[in-house]
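Reviewing the structure listed below.
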Amino acid sequence: MRTVTKQISIKADSGELKYQGNIFMGKQLDYKELSEDEHIKDKSDFLRGSIKDSLKNPLTGALFPDDVKLIKYHGSYQQYDRDLESERRQKKLEPLYQFMVRVRAAGGVTSPKQWLALDELSEQYGNGTLKLTTRQSFQFHGILKRNLKPTIQKVNEVLLSTLATCGDVNRNVMCNPNPYQSHIHEEVYQFAKEISDYFLPKTTAYHEIWLDQEKVAGTPDFEPLYHQHYLPRKFKIALAIPPNNAIDVFANDLGLIAIEENNNIAGYNICVGGGLGSTFGNDATYPRLADVIGFAPKEKVIDVAETVIAIQRDYGNRSDRKLSRLKHTIDDRGLEWFVAELQNRLGWNLAKPKSYRFKSNGDEYGWLKGSNNKWFYTLFVEHGRVRDENDYQLKTALREIAKIHTGDFRLTGNQNLIIGNIEEGKKQGIDAILELYGVGNHPKLTGLRKSSMACVALNTCGLAFAEAERYLPSLIDKLEVIMKNNGLEKDEINIRMTGCPNNCARSSLGEIGFVGRAIGRYNMYLGASHNGDRLNTLYKEMLSEENILEELEPIIKAYAQDRLGEEHFGDFVIRKNIVEPTDRPIRVMN
Ligand code: SRM
Ligand code: SF4
């Protein structure tokens with residue numbers, strides 16, 4: 001390990017010298033130990049690589065290999081249609097390369113005009129659907145290389161961006177949409193936006209490649225926080241407003257819990273080290289929830305966030321990307337070390353965490369009046385996929401609503417949608433549109449379904465071992481019969497499925513969680529809490545659908561018969577010793 005500094009000078013457009021001197025580049029591992037990604041970042045010229053040439057290359061639908069990594073920072077992943085993989089191989093064709101594009105919208109808030117633009121883009125260049133993600137972003141799938149640039153340009157035209165929605169930087173900042181506490185939400189949302197903008201990379205590569213802006217001659221790129229090598233890995237921030245934890249604050253590298261005092265936000269509890277991804281067969285990887293290390297008044301929170309990121313930049317593992325998230329940095333050196341380093345760099349100490357209580361990490365559906373006297377309608381969107389299906393014309397309904405709506409659209413952390421800030425006079429019209437297109441109430445909305453979440457998985461995700469979004473609805477059809485037979489059709493048990501252990505739909509926080517092992521086979525986990533503050537535990541491995549139903553039927557039956565009062569399913573399975581509670585509970589430092 002060595003400490004690296006670099007001499008730089010920065011000039012303003014006018015030529016005026018703004019800064020000259022050494023900047024701290026961090027404690028870095030020796031070059032030979034760095035992972036391939038670190039080398040790619042190093043020679044990328046602040047994320048430019050050869051993306052411009054890759055886009056122009058007419059011989060393939062793919063990018064050059066290094067650009068496949070670099071384009072993530074610009075908000076896109078190169079993928080291929082996995083359903084067509086063997087057919088194309090047989091025909092000796094290259095895979096059907098296509099791109100996913102992710103659009104950032106801090107706190108998931110967009111205007112009706114932006115909604116209409118995204119809707120149009122999904123039809124013009126994408127696969128006709130819009131995906132609302134578990135981190136309150138939008139995704140397009142199926143974009144061909146030649147359509148990437150027009151797509152990204154159009155996104156920027158409506159004042160949205162794809163920059164830094166992926167890559168080793170801070171990602172889309174989440175904030176729970178809390179319709180019923182609109183005054184608090186507004187403040188927390190504005191803060192989420194500020195944090196999101198503050199931590200954007202400063203390189204002008206994005207604007208040059210996608211928006212045809214010229215680089216100003218003589219102005220060196222300068223990343224004051226990320227430096228030339230960016231972070232060791234992705235970094236995620238979320239802000240939660242108790243009692244709602246719909247954004248799963250503890251799943252983030254940095255979670256901020258808003259503390260309300262006298263109807264105002266006093267500050268935030270600081271939580272560090274959340275991250276849910278793991279790799280089968282690699283015991284050094286694991287899901288982990290963030291620990292609550294203290295409280296900071298609101299005016300100091302950006303300072304805290306910047307310092308947490310800087311520590312991760314300087315100490316995060318840059319050799320092995322499976323061990324490079326903040327959770328590993330903390331576990332390798334100890335939480336006490338981390339807090340001491342943080343306070344030392346800040347020059348002041350965090351206060352003790354303030355008390356908070358989360359009720360649920362789910363969404364509340366239907367109409368609610370906010371404290372600003374405007375209406376909010378939370379709509380179930382099965383696994384975040386906005387499309388038209390037979391007599392359930394969700395995409396058309398939302399397009400028609402966007403044409404008359406004067407409020408906003410808010411994505412929830414559970415892949416659902418809130419039509420927000422509806423004027424009294426517009427409520428009836430919106431209701432009529434929902435009714436007309438058959439989406440007023442999802443035709444099959446039971447307690448279990450409305451608490452379900454599944455990641456994209458097949459056919460676009462290159463890492464999926466099994467189906468998730470395309471399969472969970474039909475598994476729920478069968479589980480609903482069991483729930484109904486036991487009088488539990490209204491009960492909200494949160495159930496989550498991912499196609500691999502990367503955990504994109506936060507399966508580790510499902511009271512019932514499934515993680516894909518192979519086509520048609522899942523590991524089943526039980527016993528997470530209903531409010532997102534306890535991980536679940538492995539129950540059984542490699543289950544087929546038949547096995548899942550056989551295993552769950554008696555447990556659901558016992559739950560219906562023996563639960564104590566309002567006891568949640570996740571708590572019940574632990575009380576009944578069906579699974580052990582997680583051996584990785586959250587630590588609260590006092
Ligand atoms: Fe994720 C990678 C989809 C939220 C952990 N995630 C991927 C990729 C990009 C696959 C890839 O690397 O090739 C997936 C693209 C699939 C596709 O076809 O669209 C993908 N992740 C998603 C989304 C779209 C799931 C969804 O159905 O909504 C979510 C987009 C979020 C966003 O808008 O930014 C999504 N991913 C998450 C979450 C949940 C969260 O952040 O609250 C997690 C778990 C929390 C965490 O980060 O630990 C998550 N995704 C991962 C990981 C594992 C990271 C790790 O530290 O181990 C990967 C793989 C990786 O980074 O190498 C991954
Ligand atoms: Fe793909 Fe795995 Fe994430 Fe699902 S959990 S989207 S399968 S990376």
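The values are calculated or read from the model by the stated rules, or taken from the named source; none is laboratory data. Keep in mind the model is a prediction, meaning the values are calculated, not measured. Cβ atoms come from the backbone with ideal geometry, glycine included; neighbour counts cover every protein chain shown. Just so you know, the surface numbers come from the protein's heavy atoms only, side chains and all, with ligands and any DNA or RNA stripped out. Shrake-Rupley method; radii C 1.70, N 1.55, O 1.52, S 1.80 Å.
Observations on the model:
- Annotation note: of L59, L84, L55, the sole residue that is touching a helix residue (DSSP H, G or I) at 6+ places or on another chain (Cβ under 7 Å) and more than 17 Å from A164 (Cβ to Cβ) is L55.
Okay, residues lined up against (1) in contact with a Cys (Cβ under 9 Å, 6 or more places away or on another chain); (2) at negative phi; (3) open to solvent by 10 Å² or more (accessible area, probe 1.4 Å):
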position	(1), (2), (3)
L160	no, yes, yes
D168	no, yes, no
V173	no, yes, no
Q181	no, yes, yes
H185	yes, yes, no
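- Scanning the stretch 351-385 for residues that are hydroxyl-bearing (S, T, Y), touching a residue at least 60 places away in the same chain (Cβ under 8 Å) and closer than 30 Å to A340 by Cβ returns a single hit, Y356.
- Near pairs, Cβ below 7 angstrom, 6+ apart or cross-chain, from the stretch 386-399 (farther than 18 Å from T412 by Cα) to any residue that is in a helix (DSSP H, G or I): D388/L394; D388/K395; D388/T396; A397/I433; A397/L434; R399/L116; R399/D119
- Listed conditions (1) more than 16 Å from ligand 1 (Cβ to nearest atom); (2) open to solvent by 20 Å² or more (accessible area, probe 1.4 Å); (3) of a type outside the set (K, R) are all met by I555, apart from (2).
- Counting the residues of the stretch 238-251 that are more than 16 Å from ligand 2 (Cβ to nearest atom) and open to solvent by less than 10 Å² (accessible area, probe 1.4 Å) gives 9.
- Candidate set: the stretch 452-478, residues that are small (G, A, S), away from ligand 1 (no atom under 11 Å from the Cβ) and open to solvent by less than 20 Å² (accessible area, probe 1.4 Å); chosen: the one nearest to E382 (Cα to Cα): S452
- Only a single item in (1) polar (S, T, N, Q); (2) within 16 Å of ligand 2 (Cβ to nearest atom); (3) open to solvent by 10 Å² or more (accessible area, probe 1.4 Å) is not met by Q415, and it is number (3).
- Some residue of the stretch 112-126 being crowded, with 21+ Cβ neighbours inside 10 Å, in contact with a Cys (Cβ under 9 Å, 6 or more places away or on another chain) and in the same structural domain as I247 (by TED's automatic domain parsing): no
- When I519, I512, I493 are checked against the criterion of being farther than 22 Å from T279 by Cα, aliphatic (A, V, I, L, M) and more than 16 Å from ligand 1 (Cβ to nearest atom), a single residue qualifies: I493.
Quick grid of which residues meet (1) outside any loop (DSSP other than H, G, I, E, B); (2) more than 8 Å from ligand 2 (Cβ to nearest atom); (3) out of contact with any Gly (no Cβ under 8 Å at 6 or more places or on another chain):
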residue: L448; (1), (2), (3): yes, yes, yes
residue: A457; (1), (2), (3): no, no, no
residue: L463; (1), (2), (3): no, no, no
residue: A468; (1), (2), (3): no, no, no
residue: D477; (1), (2), (3): yes, yes, yes
residue: R496; (1), (2), (3): yes, yes, no
residue: C500; (1), (2), (3): no, no, no
residue: N503; (1), (2), (3): no, no, no
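- Looking across the stretch 361-387, the residues that are assigned to a strand (DSSP E or B) and either closer than 16 Å to H405 by Cβ or away from ligand 1 (no atom under 16 Å from the Cβ) (or both) come down to G366, W367, L368, K369, W375, F376, Y377, T378, L379, V386.
- Residue that is farthest from E469 (Cα to Cα), among those in the stretch 497-545 that are acidic (D, E) and open to solvent by 10 Å² or more (accessible area, probe 1.4 Å): D533
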